[in-house]
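Notes for the one structure printed next.
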Ligand SMILES: [Zn+2]
Ligand SMILES: [Zn+2]
């Protein structure tokens, strides 16, 4: 399965406003992907519509969110069952900083319907860290039957290596995300005990053109853990 499991919609302030569900999913189809996940910053509120649109276009969809912890570490959380989303969203809202978004400064936070009409703008800023530690975040993800992947561990700011410098021993993670395929070797050299851990290389697309081409397929291990029902 060709995948891209880290794409931002226009709900993320830093993403283009034309990153709407129909646009993203139709682009993913054009690129030949089989499985995608749209992961906005600290919010699952666009997920149900994204899944509906993906279904309409016969594209496999994994529910997702990119959480920023108190340590400013980005963690991708994936869910296979929509029934787990309301409680997870309630927790995200609970630990979110109650600061209004300044759209002229941070960007718009649009919510779309399944025809790509903007139906609402999220008022609270999604750009800030949640009032939750990395450990607490991983615990909540697992409590709600999700899978936790450390985002862009080496490549960008807010990866665990730039924030903490290392992966704490015994951290309960289900995968890691690398920015480049070549970083997989580096990761396995530094953390040989994680030899069976799924490694993902996603686009982290904030614009339509950045969505990945169909070049990376899930390994059998990753497919079993993240997709098999
Ligand atoms: Zn990130
Ligand atoms: Zn991202």
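The values are calculated or read from the model by the stated rules, or taken from the named source; none is laboratory data. Just so it is clear, the structure is predicted and the values come from calculations on it, not from any experiment. Here Cβ is always computed from backbone atoms with ideal geometry, including for glycine, and neighbour counts include all displayed protein chains.
What are the residues in the range 177-205 that are buried (at least 18 other Cβ atoms within 10 Å of the Cβ), closer than 18 Å to residue 5 by Cα and more than 16 Å from ligand 1 (Cβ to nearest atom), if any?
Matches in the range 177-205: 197, 198, 199.
Taking the condition of being buried (at least 22 other Cβ atoms within 10 Å of the Cβ) and within 18 Å of residue 71 (Cβ to Cβ), how many residues in the range 133-147 meet it?
Keep residues of the range 133-147 that are buried (at least 22 other Cβ atoms within 10 Å of the Cβ), which gives 134, 137-138, 141, 146.
The next check asks that each one be within 18 Å of residue 71 (Cβ to Cβ); those that pass are 134, 137-138, 141.
Matching residues across the range 133-147 total 4.
Restricting attention to the range 47-92, report how many residues are more than 16 Å from ligand 2 (Cβ to nearest atom), touching a residue at least 24 places away in the same chain (Cβ under 8 Å), farther than 17 Å from residue 139 by Cβ and in a helix (DSSP H, G or I).
Qualifying residue count, the range 47-92: 9.
Considering only the range 142-157, I want to know if a residue exists there that is over 20 Å from residue 202 (Cα atoms) and free of Cβ contacts under 8 Å to residues at least 60 places away in the same chain.
yes
Residues that are within 15 Å of ligand 2 (Cβ to nearest atom), at least 2 per element: which helices (runs of 4 or more DSSP H) completely within the range 142-229 meet that?
Working: elements: 160-163, 183-190, 220-226.
The helices (runs of 4 or more DSSP H) meeting that bar are 160-163.
If I go through the range 1-26 residue by residue, how many of them are free of Cβ contacts under 8 Å to residues at least 60 places away in the same chain and within 12 Å of ligand 2 (Cβ to nearest atom)?
Within the range 1-26, residues that are free of Cβ contacts under 8 Å to residues at least 60 places away in the same chain and within 12 Å of ligand 2 (Cβ to nearest atom) number 0.
Residues that are touching a strand residue (DSSP E or B) at 6+ places or on another chain (Cβ under 9 Å), modelled with pLDDT of 95 or more and assigned to a loop (DSSP other than H, G, I, E, B): does the range 112-120 have at least one?
Yes.
Does residue 52 satisfy the condition of being closer than 25 Å to residue 222 by Cα and more than 16 Å from ligand 1 (Cβ to nearest atom)? Spell out how you get there, then give the answer.
Values: closer than 25 Å to residue 222 by Cα: yes; more than 16 Å from ligand 1 (Cβ to nearest atom): yes.
Yes, satisfied.
Checking residue 172 against (1) within 16 Å of ligand 1 (Cβ to nearest atom); (2) farther than 20 Å from residue 3 by Cβ, which test does it fail?
Result: residue 172 fails condition (1) only.
Take the residues in the range 5-46 that are assigned to a strand (DSSP E or B) and touching a helix residue (DSSP H, G or I) at 6+ places or on another chain (Cβ under 7 Å); name whichever of them is surrounded by the most Cβ atoms within 10 Å (Cβ to Cβ).
It comes out as 38.
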